[in-house]
Amino acid sequence: MAEEVLMSSSRKITSHLTGSLLAVAFLTSFGSSMLYGYNLAVVNSPASYIKDFYNQTVVSRNGTGLSAETLTLMYSLTVSVFAIGGLLGSLIVGVLVSRFGRKGTVVNTTVLVFLAGSLMGFSRMCGSPEMVIIGRFITGIHSGISLSVVPMYLGEIAPKNLRGFLGLVPSIFIGTGVFTAQILGLHELLGKEEYWPLFLSVVVVPTFIQLMLLPWFPESPRYLLIEKNNVHATITALKWYRAKCDIQAEIEEMQEEQRSLSSVETLSVWKLLLDDSVRWQVLSVVVINIGMQLSGIDAIWFYTNDIFENAGIPAPEIQYTTAGTGVIEIIAGLVGCFTIEKLGRRHLMVGGFTMMGVCSSGITLALILQTQISFMRYISVCCVVGIIAGFCIGPAGVPFLITAELFKQSHRPAAYIIGGSLNWLSNFTVGFVFPFLQMSAGSYCYLVFAAVCFAVAVYVYVVIPETKNKTFMEISRMFSRKEAVLEIQGLIHDQLKLQKMNGYGGLEHTSLEFDSSSSVP
């Protein structure tokens, strides 16, 4: 059954997928999303070498080395400054995409990667730990921008029946980036002491390929028409990105959205938060983006080696076992990518978060019982794999796609700022708090992540409608109907309460008849 779903969805996707769409999805994800995954994992392998470099540099400058606490603090700053940069990048993405466009932002921000790669690559030669830290911060800014603008760009160039497929392509490349860092970090490749600056600066290679090829492709048609009012450029872009030349219906849909926004400027974050007409969309973006990080996936990524060590895997084999989880990430991402147009967004998110919740509970049980039951250590390894697979099938990429689908053109940049900033704040929080949570709660700490996963799964199932094969205007109208129904229910409830106040205000004879057809669009 699962194989039939996968084959059917694959045939449907390939029949509508053009070379231009596939090339843009590859270039943007290869040069941007893959770097995010790479930078998440790149500091794990050379950690001891970087610490030695920091200590030796301070000895050469001051004559004395660093204390263990100071050295740990410097390395922790090297790791966490990436998330701080990501937060800054997510906050400025709205200004960038409005000024430079979607593709223009991807192309123009490549300069950040070259700057960061140069700083980290020459840091040992210059004897400067500061260059490593600043380089990590700059790569974080680039990733914060890319994680928002790439799904936005792909979501706007894709036809509605491929929007889910293209929207999940970046998540595959995030997994590929993590896997690439794990493989290159093996001792047989770049995992030696003399190679760690090169290992950190490899990020410039995919970015250079992206910079050479992506400028030849058109900008987002929706951006060109709705924000720039350039009909000719819009038609040219659509002909690039569509297998069939009949693009009239799509242009009319964009023009309908343009007319609905004729008196509305691009909203700021504050105005978006105050806009009651999109409160459910905003709440949904908040829940799924926070849930994405508080699901515990970052704790699993950061501490996979520790979990495998506790499971009794021999130390020399841990690096290969960890690299094996990277393969799971890619396979799970491909499954989600090729089934999303068949199963829909809600099924992948509900299924993914539920699977992560079950496996997080399983890790707790396995860690508690592994001292009494020897095979439980293997259960904990299976649960780690299950959490990673569940995350990559849906929660890894669908939240970014959903953020694009739930909002009109005028609201979309601000929505990505909200989602992206909460995503990075949650990322930083988990990385900072998890060690303390683990010390205080022990094996039970994973139950916190399980509770978050189950709560998000329930919210998605109850609140978020299926957006598969819907235009942006159709999705907007679905939420408008939800809002109108809730307002009517609230009004009826208030009227009933007042009617019970017999004699207070003379409402006992008030009619409670409503014409719902005139109130609900």
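The table below gives the values:
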read-out	value
Scan of segment 209-221 for residues that are in contact with a Ser or Thr (Cβ under 8 Å, 6 or more places away or on another chain) and either open to solvent by 30 Å² or more (accessible area, probe 1.4 Å) or under 21 Å from His411 (Cα atoms) (or both), ordered by number	Leu211, Phe217, Pro221
Residues satisfying the stated conditions in segment 338-368, i.e. open to solvent by 50 Å² or more (accessible area, probe 1.4 Å) and over 27 Å from Asn469 (Cβ atoms)	Val358, Leu365, Ile368
Residue check for Val205: at pLDDT 90 or above, hydrophobic (A, V, I, L, M, F, W, C) and farther than 26 Å from Phe391 by Cβ	yes
For Val462: the one exception among (1) exposed (fewer than 15 other Cβ atoms within 10 Å of the Cβ); (2) at pLDDT below 85	(2)
Near pairs, Cβ below 8 angstrom, 6+ apart or cross-chain, from segment 61-85 (over 19 Å from Met120 (Cα atoms)) to any residue that is open to solvent by less than 40 Å² (accessible area, probe 1.4 Å) and of a type outside the set (Lys, Arg)	Thr64/Val58; Gly65/Val58; Leu66/Tyr54; Leu66/Val58
Subset of segment 362-385 [under 25 Å from Val327 (Cβ atoms), assigned to a helix (DSSP H, G or I) and out of contact with any Cys (no Cβ under 6 Å at 6 or more places or on another chain)]	Ala366, Leu367, Met376, Arg377, Tyr378, Ile379, Ser380, Val381, Cys382, Val384, Val385
Restricting segment 423-459 to residues that are more than 20 Å from Tyr75 (Cα to Cα) and of a type in the set (Val, Ile, Thr), the residue that is surrounded by the most Cβ atoms within 10 Å (Cβ to Cβ)	Val456
Subset of segment 284-326 that is at pLDDT 85 or above and open to solvent by 30 Å² or more (accessible area, probe 1.4 Å) - its residue that is nearest to Val178 (Cα to Cα)	Leu294
Pairs, first closer than 19 Å to Pro159 by Cβ and at pLDDT below 85 in segment 223-242, second surrounded by 21 or more Cβ atoms within 10 Å (Cβ to Cβ) and among the β-branched types (Val, Ile, Thr), C-beta under 7 Å, six or more apart	Tyr241/Ile157
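The values are calculated or read from the model by the stated rules, or taken from the named source; none is laboratory data. All of these numbers come straight from a predicted model, not from anything done at the bench. With ideal geometry, Cβ positions are generated from the backbone for all residues, glycine too; neighbour counts draw on all protein chains shown. Keep in mind that these areas ignore ligands, DNA and RNA; they rest on the heavy atoms of the full protein, side chains included. Shrake-Rupley method; radii C 1.70, N 1.55, O 1.52, S 1.80 Å.
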